[in-house]
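As structure tokens, the structure follows; a few thoughts come after it.
The values are calculated or read from the model by the stated rules, or taken from the named source; none is laboratory data. Here the structure is a predicted model, which is why all the values come from computation and not from measurement. All Cβ positions, even for glycine, are placed from backbone atoms using ideal geometry, and neighbour counts span all protein chains on display. Note: areas computed on protein heavy atoms with side chains; ligands, DNA, RNA excluded. Shrake-Rupley method; radii C 1.70, N 1.55, O 1.52, S 1.80 Å.
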Amino acid sequence: VLLMLCLMYFITYLDRVNVSTAAAGFGKEFNFSKTQIGLVFSAFAYPYLVFQIIGGWVSDKFGAKRTLIYCGLLWAIATILTGFAGGLTSLLLARLLLGLGEGATFPAATSAMSRWIPKENRGFAQGITHAFARIGNAVAPAIVVAVMVQYGWRASFYICGALSLVWVLAWAFVFTEDPAQHPRMTAEELAAMPAPKKPNLKTPWGPLFKRMLPVTIVYFCYGWTLWLFLSWIPQYFLHSYDLDLKKSALFASSVFFAGVVGDTLGGIVSDKILKRTGNVKMARSYMVAVCMLLTLLSLLPIMFNHNVYISILCLSAGFFFAEMTIGPMWAIPMDIAPEFSGTASGMMNTGSALAAIISPVVGG
């Protein structure tokens, strides 16, 4: 189950960030300004924002299996349609459809994890799935450039869309909503699982919103940094240092790979702190605060120099520490509300989705 979710995170990020590298192709073909390219980057985030809480509630109510099958089909079709775009309007519509399809994916995955992952391993599970998302970030520039050089920018979207359809088919056969129904589960494994979800529980919207609001604000701040990186790092190396397309993609990938390490390590460290101290606040909140401070300190030198290698080191360190917050952040909704973790994580991810709308355009 965890492997299937890791692959989903990888594919969804491949599908959403391939556009930032492909922009070198369609931006030139359609003669777009930087602001128009920024609009294409951020269009995805509008429906993605709207469907966070709705998608989380749907996955809590009807199950992660059905939610991810329908969402997967939608995002796969949207990715393929991006390759057929003929200008700004059709590109924006395809990206809006992608945001619609991917809106429920992370809350639904969290809902699935809350049934399959024991409490003391939640930081690791969230960290490793998001690490696969960052691998998607890291390999997307290199893959898209390789495909663009041979077949043009449109082919990169056709390939990513086809990969998404294969994942949906596999998920439909592999996943069971209740661990007890999985044919290969042993009695020992079942004993380690979280308590089965109680049926037909009413969502406590008011108390849940109140508990999740500070988490959502913090996640907006993280999301601002994330979407600035995802949208503009490939273009930053391409234009700020006059590098060629291949070298800029390589430098962008090296920054994103630092995030892969940060995601994995952040989840492991958070779980270790929890096991050693039994203090959830220390394992989650305090760790996030320390990592955010280290992100700030890492990025400051970029303001005062224009050396490409110092920039790579600073951006890599900044992204590493920012991503170390992911494991503890995504464990929080499962800690606060295990029965409503899809809805709670949807509330939290609304912060990042809002940042995804504002950050790429302001950055542009």
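Of the peptides 191-197, 70-76, 231-237, how do they stack up when ordered by the mean number of other Cβ atoms within 10 Å, highest first?
Ranked by mean Cβ neighbours within 10 Å, highest first: 231-237, 70-76, 191-197.
Mind listing P(r) for region 56-159? All alpha-carbon pairs, 5 Å bins, whole percents.
2, 12, 15, 18, 20, 14, 10, 6, 3, 1
If you look at just the Cα atoms of the chain, how large are its Rg and its Dmax in Å?
In order Rg, Dmax, the Cα atoms of the chain give 19.7, 61 Å.
Rounded, prolate or oblate: which fits region 141-239 when a ≥ b ≥ c are the square roots of the eigenvalues of the alpha-carbon gyration tensor, with rounded for a/c under 1.5 and prolate only if a/b beats b/c? Mind showing how you got there, number by number?
Values: a/c = 3.08, a/b = 1.40, b/c = 2.19.
Oblate shape, in that a/c is at least 1.5 and b/c is the bigger or equal ratio.
Could you quote the convex hull projected area for region 286-349, Cα atoms only and averaged over all directions, in nm²? Write down the numbers at each step before the final one.
Working: hull surface 19.3 nm².
For region 286-349, the mean projected area of the Cα convex hull comes to 4.8 nm².
For the ranges 269-280, 342-353, what's the packing order if you count other beta-carbon atoms within 10 Å of each residue, average per peptide, and put the highest first?
Packing order, densest peptide first, comes out as 342-353, 269-280.
If you only keep lysine pairs separated by 8 or more in sequence, or across chains, how many in the chain come under 22 Å at the Cα atoms?
Taking the Cα cut-off of 22 Å, the pair count is 21.
Nearest 20 debye, what's the magnitude of the dipole of the chain about its Cα centre given +1 on Lys and Arg Cβ and -1 on Asp and Glu Cβ?
With Lys and Arg at +1 and Asp and Glu at -1, about 480 debye.
Give a residue-ordered list of calculated ³J(HN,Hα) values for region 67-81 (Karplus: 6.51 cos²θ - 1.76 cosθ + 1.60, θ = phi - 60°; whole Hz; x for Gly, Pro).
Karplus values, whole Hz, x for Gly and Pro: 4, 6, 5, 5, 5, x, 4, 5, 6, 5, 5, 4, 5, 5, 5.
Please compute the length gained on full extension between residue 149 and residue 190, using 0.36 nm multiplied by the number of residues separating them and subtracting their Cα-Cα distance.
Numbers: separation 41, 0.36 × 41 = 14.76 nm, distance 4.97 nm.
That works out to 9.8 nm of additional length.
Report ³J(HN,Hα) in whole Hz for each residue of region 16-25, in order, from the Karplus equation J = 6.51 cos²θ - 1.76 cosθ + 1.60 where θ = phi - 60°; Gly and Pro get x.
Per-residue couplings from phi come out as 8, 9, 4, 5, 5, 7, 5, 4, 4, x Hz.
Taking square-rooted eigenvalues a ≥ b ≥ c of the alpha carbon gyration tensor, is region 26-85 rounded, prolate or oblate, where a/c under 1.5 means rounded and, failing that, a/b exceeding b/c means prolate?
oblate
State in Å² the accessible area per residue of region 158-307; use a 1.4 Å probe, count heavy atoms of protein chains only, and round to the nearest integer. Intermediate values should be presented prior to the final figure.
On the way: 8670 Å² over 150 residues.
So region 158-307 comes to 58 Å² accessible per residue, rounded to a whole number.
Looking at 289, 273, 328, which one has the Cα that reaches farthest to the positive end of the dipole of region 255-364 (charges on Cβ: Lys, Arg +1; Asp, Glu -1)?
273
Could you list, bin by bin from short to long, the percent of Cα-Cα pairs of region 1-115 in 5 Å steps?
Cα pair-distance distribution for region 1-115, in percent: 2, 12, 23, 23, 16, 11, 7, 4, 2, 0.
Quick one: grab Rg to one decimal and Dmax as a whole number for region 224-364, Cα atoms only, in Å.
For region 224-364, the Cα-based Rg and Dmax read 16.6, 51 Å.
Could you give me D for region 157-316, from Stokes-Einstein at 20 °C and 1.002 mPa s, where the hydrodynamic radius is the Kirkwood radius over C-alpha pairs? Units µm² s⁻¹, please.
For the chosen part, D equals 106 µm²/s.
Once the mean 1/r over all distinct Cα pairs of region 3-52 is inverted, what Kirkwood radius in angstroms do you read off?
12.3
Compare the Cα positions of 138, 179, 13 along the charge dipole of the chain (+1 at Cβ of Lys, Arg; -1 at Cβ of Asp, Glu; about the Cα centre) and return the one farthest towards the positive end.
179
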